[in-house]
Amino acid sequence: MAAASYTTFDTQIGTCAILWRAGRIVGTALPAGITERLADLVRRRHPGAVEAGPPPFVRTVMRDIVALLSGEPLDLMDAPLDLTGLGDFERRVYAIARGIPPGETRTYGDLARELGDVALARRVGQALGRNPFPIVVPCHRILAAGGKTGGFSAPGGIDTKFRILEIERTHGASPSLFAGGLAFAPRR
């Protein structure tokens, strides 16, 4: 299998990265502080990845990510993802997550119920923690029960999650308070 190519690009939340191979997105990465650290993160997750100029389909996805992170309510459903190596469960979780509109949130339990068993909530959280496509698969829109944050494994953790949700908030999410800070109440 050929090595992935990647490029970095600036967004409202900082410099992000996108990786592709054979006409599909193989990963995205959120800001990791400085660009060199982001490039190291990309190469660690995708050994052999080489920096390259993006082809037209990648430029389109980058443009849409920039617009989304600037507050435009885009869903990124047209971004072609390479799901090779992902199990059926992850594919199903990511498909459900991709259907959550900007400005709305769901809980891990909501996704588990959509999968047919609320007891799968922990597995949903684990699958989202391994999400190779943050923003395109909007794991930031998934919260724990009661509007609590849940986890966020991307660089910046919960602060990054809240920053993205705050950008999207004008499109429908309703803020609520919980012990420890701001959360977003899931819409049903």
Going through the range 11-34 in order, the residues found to be open to solvent by 80 Å² or more (accessible area, probe 1.4 Å) and of a type outside the set (A, V, I, L, M, F, W, C) are Gln12, Arg24
Scanning the range 52-88 for residues that are of a type in the set (Ser, Thr, Tyr) and part of a loop (DSSP other than H, G, I, E, B), the one farthest from Leu128 (Cα to Cα) turns out to be Ser70
Listed by first then second residue, the pairs whose first member lies in the range 81-107 and is in contact (Cβ under 8 Å) with a residue 60 or more places away in the chain, whose partner is assigned to a helix (DSSP H, G or I) and among the basic types (Lys, Arg), with beta carbons under 7 Å and at least 6 positions apart or on separate chains, are Gly103/Arg169; Glu104/Arg141; Thr105/Arg141; Arg106/Arg141
Of the residues in the range 12-41, those that are under 15 Å from the mean Cα position of the chain (by Cα) and among the aliphatic types (A, V, I, L, M) come to Ile13, Ala17, Ile18, Leu19, Ile25, Val26, Ala29, Leu30, Ala32
For Arg37, the lone unmet condition from (1) in a helix (DSSP H, G or I); (2) open to solvent by less than 80 Å² (accessible area, probe 1.4 Å) is (2)
Here the residues within the range 48-74 that are of a type outside the set (Ser, Thr, Tyr), free of Cβ contacts under 8 Å to residues at least 40 places away in the same chain and more than 15 Å from Pro138 (Cα to Cα) are Pro55, Pro56, Phe57, Arg59, Arg63
Quick count over the range 62-98, residues being out of contact with any Asp or Glu (no Cβ under 8 Å at 6 or more places or on another chain), of a type in the set (Val, Ile, Thr) and surrounded by 14 or more Cβ atoms within 10 Å (Cβ to Cβ), is 2
The helices (runs of 4 or more DSSP H) lying wholly within the range 99-180 that contain at least 3 residues that are modelled with pLDDT of 80 or more, β-branched (Val, Ile, Thr) and crowded, with 18+ Cβ neighbours inside 10 Å are 157-169
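The values are calculated or read from the model by the stated rules, or taken from the named source; none is laboratory data. Note that the coordinates shown come from a computational prediction; the quantities given were computed from them, not determined experimentally. So basically every Cβ, Gly included, is an ideal-geometry build from the backbone, and we count neighbours across all protein chains shown. The accessibility values were calculated without ligands, DNA or RNA, using every heavy atom of the protein model including side chains. Shrake-Rupley method; radii C 1.70, N 1.55, O 1.52, S 1.80 Å.
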